[in-house]
1. When the accessible area of the range 39-176 is split by element with a 1.4 Å probe, what percent falls to carbon and sulfur?
2. Any chance you could run the full-extension gain for residue 71 through residue 326? It's 0.36 nm times the residue separation minus the Cα-Cα distance, nm to one decimal.
3. Using a cut-off of 13 Å between beta-carbons, work out the net charge of the residues near residue 66 (Lys and Arg +1, Asp and Glu -1, residue 66 not included).
4. Along Cα→Cβ, 7 Å out, is where each label goes; now give me the distance between the ones at residue 145 and residue 104 in nm to one decimal.
5. Multiply the residue separation of residue 236 and residue 27 by 0.36 nm, subtract the distance between their alpha-carbon atoms, and state the gained length in nm to one decimal.
6. Taking 7 Å along the Cα-to-C-beta vector as the label spot, tell me the residue 173-residue 268 distance in nanometres, rounded to one decimal.
7. May I ask you to derive the FRET efficiency for residue 162 and residue 114 from their Cβ-Cβ distance with R0 = 25 Å, giving the value to the nearest 0.05?
8. How much length would be gained if the chain were fully extended between residue 216 and residue 340, taking 0.36 nm per residue of separation minus their Cα-Cα distance, in nm to one decimal?
Amino acid sequence: MMQPEPTTKCIRVSSLDAVSAVDRFSALPDGLIHTVLSFLPAPEVVRTCLLSRRWRSLWRSAPCINLDERDFGISIMIIRDGTLEEKWARFEDFATNLLLFHDNTSSLGEFRLSSRAYNQRHVDRWIRRGIEYCPSVLNIQILEHHRFKLPPVVGLNFHHLKMLCLHSVDLGSHFAGLLCSACPVMEDLKLGNCEFSGNSSQVITSRTLKKLELECCLNKTGYPLVITAPSLAYLCLCYGCYEAGISLCKMDSLVGAEIYVTEYETLSEQTERELLCSLYNVTSLKLMGFEVEVMLNDESDKFPVFPNMRTLDLHSCFLDEYELYDKLEALGSFLQSAPCLEKLILQYCMFYSFSDSEWEIERKSITLHRQYGKTFQCQKLKLIEVIYDHDHDHRLIELLWSLGRRLPEASIKLKKIKRFLT
(Lines give C-alpha, C1' and ligand atoms only; values in the text may rest on other atoms or scores of the structure.)
Protein backbone atom coordinates (compact mmCIF):
# COMPACT_ATOMS: atom_id res chain seq x y z
CA MET A 1 0.00 0.00 0.00
CA MET A 2 1.37 3.40 -0.95
CA GLN A 3 2.19 5.72 1.89
CA PRO A 4 0.52 9.11 1.81
CA GLU A 5 2.79 11.95 0.85
CA PRO A 6 3.71 14.22 3.74
CA THR A 7 1.77 17.40 3.83
CA THR A 8 3.64 20.65 3.55
CA LYS A 9 3.07 22.98 6.44
CA CYS A 10 3.43 26.69 6.05
CA ILE A 11 5.40 28.17 8.89
CA ARG A 12 4.92 31.86 9.36
CA VAL A 13 7.95 33.59 10.81
CA SER A 14 7.26 36.91 12.38
CA SER A 15 9.60 39.81 11.82
CA LEU A 16 10.39 39.72 15.54
CA ASP A 17 11.65 36.11 15.24
CA ALA A 18 13.82 37.04 12.25
CA VAL A 19 15.35 39.94 14.14
CA SER A 20 16.01 37.68 17.11
CA ALA A 21 17.84 35.17 14.90
CA VAL A 22 20.02 37.90 13.44
CA ASP A 23 20.64 39.31 16.90
CA ARG A 24 21.83 35.96 18.21
CA PHE A 25 24.43 35.75 15.46
CA SER A 26 25.42 39.37 15.80
CA ALA A 27 25.79 38.96 19.54
CA LEU A 28 28.96 36.94 19.02
CA PRO A 29 32.09 38.69 20.31
CA ASP A 30 34.16 40.68 17.83
CA GLY A 31 37.07 38.29 18.12
CA LEU A 32 34.99 35.31 16.98
CA ILE A 33 33.39 37.25 14.14
CA HIS A 34 36.82 38.42 13.00
CA THR A 35 37.98 34.79 12.94
CA VAL A 36 35.07 33.93 10.63
CA LEU A 37 35.83 36.93 8.41
CA SER A 38 39.46 35.83 8.04
CA PHE A 39 38.29 32.86 5.93
CA LEU A 40 36.36 35.04 3.46
CA PRO A 41 37.62 36.83 0.34
CA ALA A 42 38.11 40.55 0.92
CA PRO A 43 35.05 41.62 -1.18
CA GLU A 44 32.80 39.35 0.91
CA VAL A 45 34.25 40.75 4.14
CA VAL A 46 33.36 44.29 3.08
CA ARG A 47 29.86 43.26 1.99
CA THR A 48 29.06 42.17 5.57
CA CYS A 49 28.58 45.87 6.37
CA LEU A 50 25.12 45.53 4.75
CA LEU A 51 23.89 42.93 7.24
CA SER A 52 22.97 45.27 10.08
CA ARG A 53 24.12 48.26 12.07
CA ARG A 54 26.13 45.88 14.27
CA TRP A 55 28.17 44.79 11.24
CA ARG A 56 28.58 48.20 9.64
CA SER A 57 32.17 48.79 10.73
CA LEU A 58 33.40 45.30 11.65
CA TRP A 59 35.23 44.89 8.35
CA ARG A 60 37.40 47.90 9.16
CA SER A 61 38.88 46.21 12.23
CA ALA A 62 39.23 42.72 10.72
CA PRO A 63 42.74 41.46 11.61
CA CYS A 64 43.24 39.88 8.18
CA ILE A 65 43.47 41.71 4.84
CA ASN A 66 43.54 39.36 1.85
CA LEU A 67 43.77 41.11 -1.51
CA ASP A 68 43.59 38.66 -4.41
CA GLU A 69 43.11 39.70 -8.01
CA ARG A 70 41.42 36.37 -8.73
CA ASP A 71 38.46 37.48 -6.61
CA PHE A 72 37.83 40.03 -9.36
CA GLY A 73 37.97 37.55 -12.23
CA ILE A 74 41.52 38.38 -13.29
CA SER A 75 43.27 35.39 -14.87
CA ILE A 76 45.35 34.39 -17.87
CA MET A 77 42.18 33.94 -19.91
CA ILE A 78 40.90 37.47 -19.42
CA ILE A 79 44.29 38.86 -20.40
CA ARG A 80 43.84 37.14 -23.74
CA ASP A 81 40.28 38.30 -24.30
CA GLY A 82 41.12 41.96 -23.66
CA THR A 83 39.06 42.59 -20.51
CA LEU A 84 42.02 42.93 -18.15
CA GLU A 85 41.95 46.73 -17.97
CA GLU A 86 38.32 46.85 -16.87
CA LYS A 87 38.70 44.13 -14.23
CA TRP A 88 41.98 45.57 -12.97
CA ALA A 89 40.32 48.98 -12.51
CA ARG A 90 37.74 47.39 -10.20
CA PHE A 91 40.42 45.55 -8.25
CA GLU A 92 42.58 48.67 -8.03
CA ASP A 93 39.72 50.83 -6.75
CA PHE A 94 38.68 48.23 -4.16
CA ALA A 95 42.19 47.57 -2.82
CA THR A 96 43.06 51.25 -2.57
CA ASN A 97 39.89 52.12 -0.65
CA LEU A 98 40.06 49.07 1.62
CA LEU A 99 43.57 49.98 2.74
CA LEU A 100 42.63 53.65 3.06
CA PHE A 101 39.66 53.08 5.39
CA HIS A 102 40.90 50.10 7.37
CA ASP A 103 41.40 50.83 11.05
CA ASN A 104 45.10 51.31 11.79
CA THR A 105 44.89 51.76 15.56
CA SER A 106 46.12 48.20 16.23
CA SER A 107 48.59 45.79 14.63
CA LEU A 108 47.32 43.64 11.77
CA GLY A 109 47.26 39.86 12.10
CA GLU A 110 47.78 39.06 8.41
CA PHE A 111 48.35 41.00 5.21
CA ARG A 112 48.15 38.94 2.02
CA LEU A 113 48.51 40.26 -1.50
CA SER A 114 48.23 38.05 -4.57
CA SER A 115 48.48 40.09 -7.74
CA ARG A 116 50.41 40.73 -10.92
CA ALA A 117 52.20 44.08 -11.24
CA TYR A 118 49.88 45.41 -13.95
CA ASN A 119 50.22 48.86 -12.36
CA GLN A 120 53.48 48.80 -10.46
CA ARG A 121 52.86 52.13 -8.72
CA HIS A 122 49.64 50.91 -7.11
CA VAL A 123 51.06 47.52 -6.13
CA ASP A 124 54.02 49.29 -4.54
CA ARG A 125 51.64 51.52 -2.57
CA TRP A 126 49.54 48.55 -1.38
CA ILE A 127 52.63 46.75 -0.11
CA ARG A 128 53.84 49.83 1.73
CA ARG A 129 50.42 50.39 3.28
CA GLY A 130 50.06 46.74 4.32
CA ILE A 131 53.47 46.79 5.97
CA GLU A 132 52.59 49.98 7.85
CA TYR A 133 49.92 47.99 9.72
CA CYS A 134 52.77 45.99 11.39
CA PRO A 135 51.34 42.55 10.48
CA SER A 136 52.27 39.29 12.18
CA VAL A 137 51.97 37.47 8.82
CA LEU A 138 53.06 39.08 5.54
CA ASN A 139 52.42 37.16 2.31
CA ILE A 140 53.18 38.83 -1.03
CA GLN A 141 52.65 36.74 -4.17
CA ILE A 142 53.52 38.46 -7.44
CA LEU A 143 51.86 36.38 -10.16
CA GLU A 144 54.42 37.02 -12.90
CA HIS A 145 57.73 35.57 -14.01
CA HIS A 146 59.65 38.82 -13.76
CA ARG A 147 60.45 39.89 -10.22
CA PHE A 148 58.89 42.84 -8.44
CA LYS A 149 61.27 45.22 -6.70
CA LEU A 150 60.51 45.22 -2.97
CA PRO A 151 60.07 48.84 -1.82
CA PRO A 152 62.23 50.24 1.00
CA VAL A 153 60.47 49.78 4.34
CA VAL A 154 60.79 51.02 7.90
CA GLY A 155 62.25 48.44 10.25
CA LEU A 156 59.86 49.30 13.10
CA ASN A 157 56.98 47.87 11.05
CA PHE A 158 58.42 44.34 11.39
CA HIS A 159 58.59 44.11 15.18
CA HIS A 160 55.51 41.82 15.25
CA LEU A 161 56.33 39.84 12.10
CA LYS A 162 56.39 36.06 12.70
CA MET A 163 55.83 34.72 9.17
CA LEU A 164 57.07 36.17 5.87
CA CYS A 165 56.24 34.67 2.44
CA LEU A 166 57.48 36.34 -0.74
CA HIS A 167 57.10 35.10 -4.32
CA SER A 168 58.68 36.62 -7.44
CA VAL A 169 60.24 39.49 -5.53
CA ASP A 170 63.59 41.21 -6.09
CA LEU A 171 64.94 41.38 -2.55
CA GLY A 172 67.55 44.02 -3.31
CA SER A 173 70.60 44.48 -1.11
CA HIS A 174 68.81 45.55 2.08
CA PHE A 175 66.79 42.39 2.70
CA ALA A 176 69.44 40.50 4.68
CA GLY A 177 70.01 43.43 7.00
CA LEU A 178 66.26 43.75 7.52
CA LEU A 179 66.02 40.17 8.78
CA CYS A 180 68.97 40.63 11.10
CA SER A 181 67.87 43.83 12.79
CA ALA A 182 64.16 44.43 12.24
CA CYS A 183 62.51 41.03 12.76
CA PRO A 184 63.06 40.07 16.43
CA VAL A 185 60.28 37.43 16.50
CA MET A 186 60.49 35.98 12.98
CA GLU A 187 59.88 32.21 12.98
CA ASP A 188 58.82 31.25 9.43
CA LEU A 189 60.39 32.49 6.17
CA LYS A 190 59.45 31.27 2.69
CA LEU A 191 60.97 32.71 -0.49
CA GLY A 192 59.84 31.48 -3.92
CA ASN A 193 61.35 32.58 -7.25
CA CYS A 194 63.02 35.49 -5.47
CA GLU A 195 66.35 37.11 -6.35
CA PHE A 196 69.13 38.29 -4.07
CA SER A 197 70.53 41.28 -5.93
CA GLY A 198 73.16 43.94 -5.37
CA ASN A 199 76.93 43.70 -5.24
CA SER A 200 77.42 42.72 -1.61
CA SER A 201 77.41 39.47 0.36
CA GLN A 202 74.01 37.88 1.01
CA VAL A 203 73.31 36.67 4.54
CA ILE A 204 70.14 35.34 6.17
CA THR A 205 70.74 35.68 9.89
CA SER A 206 68.11 35.18 12.57
CA ARG A 207 68.23 33.90 16.13
CA THR A 208 64.48 33.16 16.17
CA LEU A 209 63.90 31.60 12.74
CA LYS A 210 62.55 28.04 13.02
CA LYS A 211 61.42 27.26 9.45
CA LEU A 212 63.10 28.31 6.21
CA GLU A 213 62.06 27.44 2.64
CA LEU A 214 63.92 28.65 -0.45
CA GLU A 215 62.28 27.57 -3.71
CA CYS A 216 63.75 28.37 -7.13
CA CYS A 217 65.61 31.42 -5.82
CA LEU A 218 68.47 33.18 -7.58
CA ASN A 219 71.74 34.62 -6.30
CA LYS A 220 74.11 35.97 -8.94
CA THR A 221 75.85 38.54 -6.75
CA GLY A 222 79.14 36.64 -6.85
CA TYR A 223 78.97 36.02 -3.11
CA PRO A 224 77.75 32.83 -1.44
CA LEU A 225 74.40 32.81 0.33
CA VAL A 226 75.21 32.37 4.01
CA ILE A 227 72.44 31.13 6.32
CA THR A 228 72.98 31.47 10.06
CA ALA A 229 69.98 30.37 12.11
CA PRO A 230 70.79 28.61 15.40
CA SER A 231 67.10 27.97 16.22
CA LEU A 232 66.19 26.57 12.79
CA ALA A 233 64.25 23.29 13.04
CA TYR A 234 63.23 22.76 9.37
CA LEU A 235 65.03 23.66 6.15
CA CYS A 236 63.92 23.22 2.54
CA LEU A 237 66.19 24.18 -0.37
CA CYS A 238 64.31 23.48 -3.58
CA TYR A 239 66.25 24.01 -6.82
CA GLY A 240 67.43 27.52 -7.60
CA CYS A 241 70.65 29.12 -8.84
CA TYR A 242 73.46 29.91 -6.42
CA GLU A 243 76.57 30.61 -8.48
CA ALA A 244 78.84 31.13 -5.47
CA GLY A 245 77.27 28.35 -3.40
CA ILE A 246 75.34 28.12 -0.13
CA SER A 247 76.84 27.99 3.32
CA LEU A 248 74.90 26.77 6.38
CA CYS A 249 76.14 27.86 9.81
CA LYS A 250 75.09 26.96 13.35
CA MET A 251 72.44 24.35 12.51
CA ASP A 252 72.47 22.61 15.89
CA SER A 253 68.65 22.74 16.26
CA LEU A 254 67.87 21.38 12.80
CA VAL A 255 65.52 18.37 12.92
CA GLY A 256 64.21 17.99 9.35
CA ALA A 257 65.68 19.01 6.00
CA GLU A 258 64.84 18.65 2.30
CA ILE A 259 67.43 19.43 -0.38
CA TYR A 260 66.45 19.30 -4.08
CA VAL A 261 69.01 19.75 -6.85
CA THR A 262 69.08 19.07 -10.60
CA GLU A 263 71.79 18.50 -13.17
CA TYR A 264 71.06 21.97 -14.59
CA GLU A 265 71.90 23.81 -11.39
CA THR A 266 75.12 25.64 -10.62
CA LEU A 267 75.72 23.89 -7.31
CA SER A 268 79.04 22.06 -7.48
CA GLU A 269 79.63 18.62 -6.02
CA GLN A 270 81.73 20.30 -3.34
CA THR A 271 78.86 22.62 -2.40
CA GLU A 272 76.40 19.72 -2.25
CA ARG A 273 78.81 17.79 -0.09
CA GLU A 274 79.25 20.75 2.26
CA LEU A 275 75.47 21.07 2.51
CA LEU A 276 75.25 17.45 3.60
CA CYS A 277 77.96 18.00 6.18
CA SER A 278 75.96 20.92 7.63
CA LEU A 279 72.90 18.71 8.21
CA TYR A 280 74.60 16.39 10.68
CA ASN A 281 71.98 16.90 13.43
CA VAL A 282 68.78 16.06 11.50
CA THR A 283 66.45 13.19 12.37
CA SER A 284 64.73 13.21 8.97
CA LEU A 285 66.45 13.99 5.65
CA LYS A 286 65.09 14.06 2.10
CA LEU A 287 67.45 14.44 -0.85
CA MET A 288 66.57 14.75 -4.51
CA GLY A 289 68.96 14.65 -7.46
CA PHE A 290 72.15 13.75 -5.57
CA GLU A 291 74.74 11.65 -7.37
CA VAL A 292 77.39 9.09 -6.48
CA GLU A 293 80.37 11.41 -6.03
CA VAL A 294 78.59 13.53 -3.45
CA MET A 295 77.67 10.55 -1.29
CA LEU A 296 81.10 8.92 -1.20
CA ASN A 297 82.72 9.41 2.21
CA ASP A 298 86.13 7.81 1.75
CA GLU A 299 87.67 10.84 3.44
CA SER A 300 86.15 10.28 6.87
CA ASP A 301 87.57 13.52 8.26
CA LYS A 302 85.53 15.51 5.72
CA PHE A 303 82.24 13.66 6.10
CA PRO A 304 80.29 13.74 9.38
CA VAL A 305 78.35 11.16 11.32
CA PHE A 306 74.58 11.71 11.41
CA PRO A 307 73.93 10.47 14.97
CA ASN A 308 70.22 11.39 15.11
CA MET A 309 69.00 10.44 11.64
CA ARG A 310 66.04 8.04 11.74
CA THR A 311 64.59 8.44 8.22
CA LEU A 312 66.42 8.97 4.92
CA ASP A 313 64.34 9.64 1.79
CA LEU A 314 66.26 9.59 -1.51
CA HIS A 315 64.33 10.76 -4.58
CA SER A 316 65.80 10.45 -8.10
CA CYS A 317 69.31 9.95 -6.72
CA PHE A 318 72.22 7.97 -8.23
CA LEU A 319 71.01 8.42 -11.81
CA ASP A 320 74.50 9.09 -13.16
CA GLU A 321 76.55 6.76 -15.36
CA TYR A 322 78.11 4.62 -12.62
CA GLU A 323 77.46 0.88 -12.47
CA LEU A 324 74.98 -0.39 -9.90
CA TYR A 325 77.88 -1.85 -7.90
CA ASP A 326 79.43 1.61 -7.44
CA LYS A 327 76.09 3.22 -6.65
CA LEU A 328 75.43 0.72 -3.89
CA GLU A 329 78.94 1.29 -2.56
CA ALA A 330 78.21 5.02 -2.29
CA LEU A 331 74.82 4.40 -0.69
CA GLY A 332 76.24 1.92 1.80
CA SER A 333 79.10 4.17 2.84
CA PHE A 334 76.60 6.98 3.44
CA LEU A 335 74.28 4.73 5.45
CA GLN A 336 77.11 3.71 7.73
CA SER A 337 77.40 7.38 8.71
CA ALA A 338 73.87 7.14 10.15
CA PRO A 339 74.10 4.53 12.94
CA CYS A 340 70.53 5.16 14.18
CA LEU A 341 68.84 4.99 10.76
CA GLU A 342 65.58 3.02 10.92
CA LYS A 343 63.93 3.64 7.53
CA LEU A 344 65.36 4.14 4.03
CA ILE A 345 63.14 5.27 1.14
CA LEU A 346 64.39 4.95 -2.45
CA GLN A 347 62.07 6.79 -4.86
CA TYR A 348 62.92 6.29 -8.55
CA CYS A 349 66.59 5.85 -7.66
CA MET A 350 69.56 4.01 -9.19
CA PHE A 351 68.19 3.80 -12.75
CA TYR A 352 65.87 5.57 -15.13
CA SER A 353 62.56 3.78 -15.58
CA PHE A 354 62.64 4.37 -19.33
CA SER A 355 65.13 3.62 -22.07
CA ASP A 356 67.63 6.38 -22.87
CA SER A 357 67.57 5.45 -26.51
CA GLU A 358 65.13 3.72 -28.79
CA TRP A 359 68.11 1.74 -30.14
CA GLU A 360 69.08 0.37 -26.72
CA ILE A 361 68.94 -3.42 -26.63
CA GLU A 362 66.95 -4.68 -23.66
CA ARG A 363 68.49 -7.47 -21.62
CA LYS A 364 66.60 -10.73 -22.05
CA SER A 365 68.24 -12.28 -19.00
CA ILE A 366 70.34 -11.28 -15.98
CA THR A 367 72.70 -13.10 -13.66
CA LEU A 368 72.37 -12.46 -9.93
CA HIS A 369 75.72 -13.18 -8.32
CA ARG A 370 75.74 -14.80 -4.90
CA GLN A 371 78.62 -12.67 -3.71
CA TYR A 372 77.86 -9.17 -4.83
CA GLY A 373 79.73 -6.53 -2.88
CA LYS A 374 80.34 -6.21 0.82
CA THR A 375 77.69 -6.24 3.54
CA PHE A 376 77.02 -2.93 5.33
CA GLN A 377 76.37 -2.80 9.04
CA CYS A 378 73.22 -0.76 9.73
CA GLN A 379 71.95 -2.48 12.83
CA LYS A 380 68.85 -0.33 13.38
CA LEU A 381 67.75 -0.21 9.75
CA LYS A 382 64.54 -2.25 9.69
CA LEU A 383 62.76 -1.12 6.50
CA ILE A 384 63.80 -0.24 2.96
CA GLU A 385 60.92 1.09 0.87
CA VAL A 386 61.56 1.02 -2.90
CA ILE A 387 59.17 3.16 -4.96
CA TYR A 388 59.23 2.69 -8.74
CA ASP A 389 57.01 3.17 -11.76
CA HIS A 390 58.44 0.68 -14.28
CA ASP A 391 61.02 -2.13 -14.25
CA HIS A 392 62.92 -1.38 -17.42
CA ASP A 393 65.55 -3.92 -18.45
CA HIS A 394 65.11 -6.05 -15.28
CA ARG A 395 67.02 -3.43 -13.30
CA LEU A 396 64.53 -3.43 -10.43
CA ILE A 397 65.09 -7.17 -9.84
CA GLU A 398 68.83 -6.64 -9.78
CA LEU A 399 68.47 -3.71 -7.35
CA LEU A 400 66.27 -5.68 -4.93
CA TRP A 401 68.64 -8.65 -4.99
CA SER A 402 71.65 -6.43 -4.33
CA LEU A 403 69.94 -4.55 -1.49
CA GLY A 404 68.99 -7.82 0.15
CA ARG A 405 72.58 -9.08 -0.05
CA ARG A 406 74.18 -5.89 1.26
CA LEU A 407 71.62 -4.99 3.96
CA PRO A 408 70.39 -8.39 5.13
CA GLU A 409 68.83 -7.18 8.41
CA ALA A 410 66.25 -4.89 6.74
CA SER A 411 62.88 -5.81 5.24
CA ILE A 412 62.24 -4.55 1.72
CA LYS A 413 58.84 -3.13 0.74
CA LEU A 414 58.12 -2.62 -2.96
CA LYS A 415 55.61 0.00 -4.07
CA LYS A 416 54.64 0.91 -7.63
CA ILE A 417 53.54 4.53 -8.12
CA LYS A 418 53.09 5.98 -11.60
CA ARG A 419 55.22 9.09 -11.98
CA PHE A 420 53.93 11.93 -14.13
CA LEU A 421 56.82 13.68 -15.83
CA THR A 422 56.32 17.31 -16.84
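1. Using a 1.4 Å probe with all protein chains present, the range 39-176 comes out at 54 percent carbon and sulfur.
2. 86.4 nm
3. -3
4. 3.7
5. 70.8 nm
6. Here the modelled spin labels are 2.6 nm apart.
7. Between residue 162 and residue 114 the formula returns 0.80.
8. Length gained, residue 216 through residue 340: 41.4 nm.
The values are calculated or read from the model by the stated rules, or taken from the named source; none is laboratory data. Everything numeric in this text was worked out from a predicted model, so none of it was measured. Positions of Cβ are generated from backbone atoms using ideal geometry, with glycine treated the same way; all protein chains shown enter the neighbour counts. All accessible areas refer to the heavy atoms of the entire protein, side chains included, with ligands and DNA or RNA removed. Shrake-Rupley method; radii C 1.70, N 1.55, O 1.52, S 1.80 Å.
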